Amino acid sequence: MFYLNNREEEFQEKLTVTKLIELKKYTYKKKIVKINDEFINPDEYSTTFIEDGDDVKILHLLAGG
Amino acid sequence: MKILKEYKYDFTEIIHGYNNRSLKINLSDMKIESKQISEEMKQKFVGGKGFGLRYLWDAVTPETKWNSPENEIVISSGPVGGITQYPGSGKSIVVTLTPLNDTPMDSNVGGHFGPLLKFSGWDALELQGKADKEVIVYIDGNEGIIKIMESNIETIDSHILSEELTEMFAKDETDKRNYSIVSTGSAARYSNVAMLNFTFYDVKRKKVRLKQAGRGGIGRVFNDKGIKALVIKYEGVKSDLNNPANISKINRAGIRFHKEMNRYDDEQNGMRKIGTANIVEVMNDYDLLPTHNFKFGSHKDIAKIESKVFIEKYITQNIYDGCWHGCSMSCAKAADDFKIKTGPYAGHKVIVDGPEYENAAALGSNIGVFCPETILELNFYCDTYGIDTISFGTMVAFAMECYENKVFTKEDTGLDLSFGNIDSALELIHQIADGRGFGKIVGMGIKFMKKYFIENFDADPKFMFDIGMEQKGLEFSEYMPKESLAQQGGYGLTNKGPQHDEAWLIFMDMVNNQIPTFEDKAEALHYFPMFRTWFGLVGLCKLPWNDVTPHSNKYSKEPAKMPEHVQNYVDIYNGVTGKNVKIDDMIEESERVYNFQRIFNIRMGYGKRTNDKIPYRSMGPVTIEEYLSREDRYDKQLKEIVGYNLTNKSTEEKMAVLREYRESQYEKLTDAVYKRRGWSKDGVPTIEKLKELGMDLPELVDIVSRHL
Ligand code: SF4
């Protein structure tokens, strides 16, 4: 199990940030990714694996229509 | 044209963003007067929407209706309006009592009229009374002359009328850029959702462009006053006309922003390519795109209307599209030489201003239309007929759902109004403009339609109120609030009704889960509406605030607020006015006006808790098909949050429990928000709150005392 935006998610082996974003259909471009409070740069998404127990934040920066 | 009245005025210097006077024109007796603006007026109401509301309050009584002669249309930019260094500085706000429910409506608009009005010597324009014969009001800001002229022009629709007037008044091609026209279109004669078009002259295209004060039927009031058009001329726009207190502060903020736009826009929102329509597919991916009258949040045919289609096939690229000078966000996109297929302009090649996101959703997915050319054609006709695109889409979507539920039939209306029926959608728009057929009913808005369908077609009142997406008479704008309680508040706990310009919290709430508690949501429903109100006080467009994100943002404590951009606003506001405010002071300025508007609503009979209720369609699934479309989500919520045992339960039983839960959540949210805003349980600003804000004016205390 890991947390995504403070909600529980089932842990999967070899789940990268890229894959998680795909699974969640998080297609909006302006977002920040943090794992256990550390920023992950977009060029590290495909090589960063989510571990069991991680606290993942994917914050979308959209506050306006 | 025959001149009915002429008025000459002297110029005064603009000091730190203000002329310190406003112009009042009464069309009944043709009286034109200049009014001083006091320091107190500026301190309490700032400008723009604040000035509009104050003047409107003074003009009307609780008995005034939208078509009473004393109702006013007030147009005002604001102290920052008209600077050219920072993007989005050409907005004005239009205020009037709306035909939808006779309460104050405000609508923000681009185009050049607001800044040119200011540079012509006026911080606001009040239009009161009704002309006997149709008139054109002309303001020449260089000569210092105002003329009221009897109109001899037959043209009604905005795209031709504004071209004709620009041609008629400008002395040559170069002079056209100095003009802005305000007009409405055919629909304003009959429809409660008629809007105003404000122009700017696009020097590259050599065409007049239209920007809309869309919401709340202001075009109908304009037409009722007998105004054909307002024409303003001011030659000589330059960056320091506001006589700012500290121009270098403004320049620095502008340079920072322009650099950001250049650097990040392509990889972020692509505002310069497609404007706000960049989020059509984003909303679909997050299940937030209103589809079939807000039943669903996505559709399998989305690829047909995603932004790429408009970019590749229709919207002219690589051209500057700012709706005021210096707007590097440049999102006022347009389709050039678009060939119209139906109606009075069939065969014409026209320029279509848009589509913005709202148009694509309202004229597309929400009515089941997934055809880009139909969206553009409806967009064009909405604009030229003077119809609010958002209301049109939400109204037609409602009518379509009623039709599919056999509230009425084709025999009753002459139209097959199934979702996605392109011919019927187009026929409806022409009918609305001509005030004929079923379109005449639809054009009156959902509030009217609900009553009409109950009285004439025996419609079930509960179903009408559940699926009719309006509140306070205003149709919902185009975001699905169903799965975001905070956004339900963002729509429902507003002054003018469900328009997202007060708060847009769906991502913060539903996706990011940053505001989980009622208190968190209430804080957001305090801060964001106040922050966003401020744009309308000073003359700014809110898009540059958050449609590009600076690099520093990710390191900030509150990224949703865009602190670096907020600091830019502090700088330019202080730079123009010479004030020394901080963000908290700006929020307080907004709070004064916001509470004033709330009390104005109460004065007109519409501003309490009962008026903040929203249709259940905006909170949860009304129909079985809606429940089943998100069954997993709803079942999970019932099981895990409500603690409801789902075993052997029918969908109807589950829906009833879910409804009870969601409605109770909205009530709890309402309590929390009222508390945070300093209002009573019934939504009335308390006297303590008014005192704290310095707004314990006798006329306000008098109203609230009667309701506390
Ligand atoms: S951001 Fe777009 S709407 Fe706002 S001022 Fe600029 S061009 Fe106009």
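Take the conditions (1) more than 30 Å from B:Met444 (Cα to Cα); (2) part of a loop (DSSP other than H, G, I, E, B); (3) not basic (Lys, Arg); B:Gly216 misses just one of them, which is (1).
Please determine whether any residue of segment B:534-553 is among the basic types (Lys, Arg) and out of contact with any helix residue (DSSP H, G or I) (no Cβ under 6 Å at 6 or more places or on another chain). So far as segment B:534-553 goes, no, none of its residues is among the basic types (Lys, Arg) and out of contact with any helix residue (DSSP H, G or I) (no Cβ under 6 Å at 6 or more places or on another chain). For segment B:60-116, what are the residues that are within 13 Å of the ligand (Cβ to nearest atom), more than 14 Å from every other protein chain (Cβ to nearest Cβ) and outside any loop (DSSP other than H, G, I, E, B)? Scanning segment B:60-116 gives B:Ser92, B:Val109, B:Gly114, B:Pro115.
Taken over segment A:6-26, the residue count meeting the criterion of being surrounded by 14 or more Cβ atoms within 10 Å (Cβ to Cβ) and under 25 Å from B:Asn278 (Cα atoms) is 7. Here is the figure for segment B:599-657: residues that are assigned to a helix (DSSP H, G or I), small (Gly, Ala, Ser) and surrounded by fewer than 22 Cβ atoms within 10 Å (Cβ to Cβ) total 2. Yes or no: B:Trp504 within 12 Å of another protein chain (Cβ to nearest Cβ), within 26 Å of B:Ser77 (Cα to Cα) and either modelled with pLDDT under 95 or touching a helix residue (DSSP H, G or I) at 6+ places or on another chain (Cβ under 6 Å) (or both)? So B:Trp504 fits the description; yes.
Being in contact with a Ser or Thr (Cβ under 9 Å, 6 or more places away or on another chain) and either of a type in the set (Ser, Thr, Tyr) or part of a strand (DSSP E or B) (or both): is that true of B:Ser34 here?
Criteria met by B:Ser34.
Please determine whether any residue of segment B:440-458 is touching a residue at least 24 places away in the same chain (Cβ under 8 Å) and in contact with a Lys or Arg (Cβ under 7 Å, 6 or more places away or on another chain). No, segment B:440-458 contains no residue that is touching a residue at least 24 places away in the same chain (Cβ under 8 Å) and in contact with a Lys or Arg (Cβ under 7 Å, 6 or more places away or on another chain).
Of the listed requirements (1) part of a loop (DSSP other than H, G, I, E, B); (2) under 30 Å from B:Leu289 (Cα atoms); (3) touching a residue at least 24 places away in the same chain (Cβ under 8 Å), A:Gly53 misses just one: (2).
Looking only at segment B:565-577, residues that are away from the ligand (no atom under 16 Å from the Cβ) and either more than 12 Å from chain A (Cβ to nearest Cβ) or polar (S, T, N, Q) (or both) come to 8 in all.
Would you point out the residue of segment A:27-45, among those that are more than 30 Å from B:Thr276 (Cβ to Cβ) and surrounded by fewer than 13 Cβ atoms within 10 Å (Cβ to Cβ), that is farthest from the other protein chains (Cβ to nearest Cβ)? This residue is A:Asn36. Across segment B:146-179, which residue is nearest to B:Asn379 (Cα to Cα) among those that are surrounded by 15 or more Cβ atoms within 10 Å (Cβ to Cβ) and hydroxyl-bearing (Ser, Thr, Tyr)? Filtering first and then ranking leaves B:Ser158. Test B:Asn645 against the stated conditions and say whether it is of a type in the set (S, T, N, Q) and modelled with pLDDT of 95 or more. Yes; evaluated as a whole, the condition is true for this residue.
For segment A:1-24, residues that are in contact with a helix residue (DSSP H, G or I) (Cβ under 8 Å, 6 or more places away or on another chain) and within 19 Å of B:Gln514 (Cα to Cα) total 3. Each residue in segment B:517-535 was checked for being within 11 Å of chain A (Cβ to nearest Cβ) and either surrounded by 21 or more Cβ atoms within 10 Å (Cβ to Cβ) or closer than 19 Å to B:Ser77 by Cβ (or both), and 5 of them qualify. Have a look at B:Val548, B:Val538 and point out the one that is within 16 Å of the ligand (Cβ to nearest atom), more than 10 Å from every other protein chain (Cβ to nearest Cβ) and not charged (D, E, K, R). Answer to the selection: B:Val538. Among the conditions (1) more than 28 Å from B:Asp240 (Cα to Cα); (2) in contact with a helix residue (DSSP H, G or I) (Cβ under 7 Å, 6 or more places away or on another chain); (3) among the small types (Gly, Ala, Ser), B:Gly78 misses just one, which is (1). Applying the set (1) within 22 Å of B:Met510 (Cα to Cα); (2) away from every other protein chain (no Cβ under 12 Å); (3) touching a Phe, Trp or Tyr at 6+ places or on another chain (Cβ under 6 Å) to A:Leu20 leaves exactly one unmet item: (3). Taking segment B:244-354 and the helices (runs of 4 or more DSSP H) fully enclosed by it, the elements with 1 or more residues that are closer than 20 Å to B:Val369 by Cβ, within 27 Å of the chain's Cα centre (by Cα) and within 16 Å of the ligand (Cβ to nearest atom) are at B:271-274, B:307-313.
The residue list B:Gln514, B:Gln487, B:Gln499 contains one member that is within 14 Å of chain A (Cβ to nearest Cβ) and either within 16 Å of the ligand (Cβ to nearest atom) or in contact with a Gly (Cβ under 8 Å, 6 or more places away or on another chain) (or both), which is B:Gln499. Restrict the check to segment B:81-93 and report whether at least one residue is closer than 27 Å to B:Leu543 by Cα and of a type in the set (A, V, I, L, M). So far as segment B:81-93 goes, yes, one or more of its residues are closer than 27 Å to B:Leu543 by Cα and of a type in the set (A, V, I, L, M).
Residues that are in contact with a strand residue (DSSP E or B) (Cβ under 8 Å, 6 or more places away or on another chain) and more than 30 Å from A:Tyr3 (Cβ to Cβ) occur in segment B:456-473; there is at least one. Taken together, the residues in segment B:552-598 that are closer than 23 Å to B:Thr84 by Cα and either in a helix (DSSP H, G or I) or in contact with an Asp or Glu (Cβ under 9 Å, 6 or more places away or on another chain) (or both) amount to 19. Number of residues in segment B:205-222 that are more than 14 Å from the ligand (Cβ to nearest atom) and not aliphatic (A, V, I, L, M) equals 9. Being closer than 28 Å to B:Gly497 by Cβ, at pLDDT 95 or above and either in contact with a Cys (Cβ under 6 Å, 6 or more places away or on another chain) or not acidic (Asp, Glu) (or both) is a property that B:Ile599 has.
Taking (1) touching a Leu at 6+ places or on another chain (Cβ under 9 Å); (2) surrounded by fewer than 23 Cβ atoms within 10 Å (Cβ to Cβ) in turn, B:Lys440 satisfies each apart from (1).
The values are calculated or read from the model by the stated rules, or taken from the named source; none is laboratory data. Because the structure is a prediction, the values reported are computed rather than measured. Note that we place each Cβ from the backbone using ideal geometry, even for glycine, and neighbour counts take in every protein chain shown.
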